[in-house]
Amino acid sequence: MADISAPKGVRDILPDESWKWAYIFRVVQETALNFGYSEVHLPLFEHTELFARGIGDATDVVEKEMYTFLDKGDRSITLRPEATASMVRSYLEHGMGTLPQPVKLWCAGPMFRYERPQKGRYRQFWQVDFESLGSANPLVDVEIIALSVEIFRRLGLHQLEVVLNSVGCPVCRPGYRERLHRFFESRLDDLCDTCKGRLDRNPLRILDCKREGCKAVTEGAPAIYECLCDDCRDHFDAVKKGLHRLAIPYRLDNRLVRGLDYYTKTAYEVLSGSLGAQNAVCGGGRYDNLAEAIGGPHVPGVGFAAGVDRILMVMEQEGCSFGAEPSLDAYGVALDAGSRESVSDLVDHLRRNGVAADMDYGNRSMKTQLKAASQRRARYACIIGEGERQKGTVSVKDLATGEQREILSEDVVAAVRPRPSGDE
RNA sequence: GUGAGCGUAGUUCAAUCGGUUAGAGCACUGGACUGUGGCUCCAGAAGUUGGGGGUUCGAGUCCCCUCGCUCACCCCA
């Protein structure tokens, strides 16, 4: 066991896995293009204040899960625990309010949260994040949900469930909160200790509790639907209607909550049954008051983040395809020590002409080189020995059929090049 | 932060009640086959049994501490 190892909760994505990641990002990128979202690259760290205000100081994420440190200029810096706040910051900082609205952006990259690792939860984890900024139109909520569902569909995931709720807005939520408070107050004895504490701070969170006792109590709790203001109710109806039109199935769940005031109206998650306790592959919703919370003008927004680590986990479990595994077109094989330089030259020539080619650098026997060619799933072995060198030829062996022919060096590219895609 | 389970070769795992030199599959290297791969057979290399302390004639095995991993609570992607 090496005495040096990666820090707790982080991991290496090695070649046996990395090509699958690349596949997922490719699918996400194509889908983003289809839906009219443009990619941005955002910094991995921000001023701590952005997250404190943009996520909320009362949340667990901000209270105890952030990687925060002072830089050499004594600024408090935090590794981003999520992307939405950065996205809104970027929108405001670059005056995107002057562009046609909504501005539709996406990004991908690692997020950081100091949590105890477990299945599907890492301290550095990858998200793809989509945000649509500047429109309060419920059709945009529908688009966001449809986009996330489409990504999962293209990736081949089918055992997923969309869970939908509305969390109201600053107009109607206080009334609901009060009703909940009254309801739980009368059943205080049946609640767990943490929920007793939540009663005054944030009774909505009690709905989220997973303890059996609390769940039983919440069965009879008033639903937020009864308390939504006209605006929120119309919006919610429009979103539900939109999902119906697009034939996107969903389940309503009034336990799905977001604790803070700048989260408004639509809240949704996409859950997988095959993930263990960390079963959300995607979470999102509307945050019409977030831009103001971080010191900007009123900019409505809606978006989602999907966890790439978890998506991959579910895909593996459900036996989804990741496209073609990377392979070589040609593998150079030297019969003797004197031919190694010729093989090196040939491989370089192939590579410069768009052929995926590799060779052995370990002075291994010809047998072992051919073995390596098979293992790398090369289509052809390009063999050079003394005889070939004298004649200026290469023996090209089709590793699938075993068929071999000797061809002139200058014709090798044409012989092993993958079927031209037409526009090369 | 809390709880439970687990740490043996690169990796997946063995090792009887505490008993001699800690074994095997896969992977790796070489050979059988010196100009032809996948299969087979043979051989080789590979270990501070996570670390530290204790009990014992003797510890991979039992006890304590510590570190790490895993799962769950919590929270979320």
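If R0 equals 51 Å, the separation of the Cβ atoms of residue A:196 and residue A:22 corresponds to a calculated FRET efficiency of about 0.60. Taking Cα atoms only, the orientation of helix A:340-352 departs from the longest principal axis of chain A by about 50 degrees. Only the Cβ atoms of Lys and Arg (+1) and of Asp and Glu (-1) were treated as charged; on that basis the dipole of the range A:330-416 about its Cα centre amounts to roughly 360 debye.
Divide by every residue of chain A the summed helix terms, -39500 (n - 2.57) for each DSSP H run of at least 4, and state the resulting mean residue ellipticity at 222 nm, rounded to the nearest 500 deg cm²/dmol.
Estimated from H runs of four or more residues: -11000 deg cm²/dmol.
Taking a ≥ b ≥ c as the square roots of the Cα gyration tensor eigenvalues, with a/c under 1.5 meaning rounded and otherwise prolate when a/b beats b/c, else oblate, which class fits the range A:330-416? In terms of gyration-tensor shape, rounded. Placing +1 on the Cβ of each Lys and Arg and -1 on the Cβ of each Asp and Glu in chain A, which of A:83, A:402, A:285 has its Cα farthest towards the positive end of the resulting dipole? It is A:285. In the neighborhood of residue A:389, defined by Cβ-to-Cβ distances under 13 Å, what is the net charge if each Lys or Arg adds +1 and each Asp or Glu adds -1? Net charge around residue A:389: -4.
Per residue, the average separation of C-alpha pairs within less than 8 Å and at least 6 apart gives the range A:330-416 a relative contact order of 31 percent. Surface analysis of chain A yields an accessible area of 50 Å² per residue, using protein heavy atoms and a 1.4 Å probe. Taking every protein chain into account, the 1.4 Å probe leaves residue A:397 with about 60 Å² of accessible area, to the nearest ten. Bridging of residue A:20 to aspartates and glutamates at a Cα separation below 16 Å is possible for A:12, A:30, A:309, A:316, A:318, A:325, once same-chain residues fewer than 8 apart are set aside. The order of A:63, A:318, A:410, A:46 by accessible area, most exposed first and with a 1.4 Å probe, is A:410, A:63, A:318, A:46. For the range A:330-416, the share of accessible area belonging to carbon and sulfur comes to 45 percent (1.4 Å probe, ligands and nucleic acids excluded).
Using the Cβ atoms and a cut-off under 12 Å, what net charge is assigned to the surroundings of residue A:235, where Lys and Arg are +1 and Asp and Glu are -1?
Values: positive: A:233, A:240, A:241, A:265, A:286; negative: A:141, A:230, A:231, A:234, A:237, A:288.
That sum, taken over residues with Cβ under 12 Å, equals -1.
For residue A:241, a cut-off of 21 angstrom between C-alpha atoms picks up these lysines, skipping any fewer than 8 places away in its own chain: A:265. Between A:359, A:344, A:374, the Cα set farthest toward the positive side of the dipole of the range A:330-416 (charges on each charged residue's Cβ, about the Cα centre) is that of A:374. If you take all other residues with their beta carbon under 11 Å from the beta carbon of residue A:134, and give Lys and Arg +1 and Asp and Glu -1, the sum is -1.
Classify chain A as rounded, prolate or oblate, taking a ≥ b ≥ c as the square roots of the eigenvalues of its Cα gyration tensor: rounded when a/c is under 1.5, otherwise prolate if a/b is larger than b/c and oblate if not. It comes out prolate by the Cα gyration axes.
Quick check on the range A:330-416: of the DSSP beta bridges with both residues there, what percent are antiparallel, nearest 5%?
Rounded to the nearest five, the antiparallel share is 55 percent.
Of A:196/A:240; A:8/A:119; A:8/A:215; A:371/A:391, which pairs sit farther than 22 Å apart, going by alpha carbon to alpha carbon? With Cα atoms farther than 22 Å apart: A:196/A:240; A:8/A:215; A:371/A:391. About its Cα centre, chain A has a charge dipole of approximately 700 debye under the convention of +1 per Lys or Arg Cβ and -1 per Asp or Glu Cβ, with nothing else charged.
Taking all protein chains together and rolling a 1.4 Å probe, residue A:313 ends up with roughly 40 Å² accessible.
Of the chymotrypsin sites (Phe, Trp or Tyr not before Pro) found in the range A:300-374, those that fall in a DSSP loop while having at most 11 other beta-carbon atoms within 10 Å are A:361.
The values are calculated or read from the model by the stated rules, or taken from the named source; none is laboratory data. These figures come from a predicted structure and were not determined experimentally. In this analysis, Cβ positions are derived from the backbone assuming ideal geometry, glycine residues included, and neighbour counts consider all displayed protein chains. Accessible surface areas use protein heavy atoms only, side chains included; no ligands, DNA or RNA. Shrake-Rupley method; radii C 1.70, N 1.55, O 1.52, S 1.80 Å.
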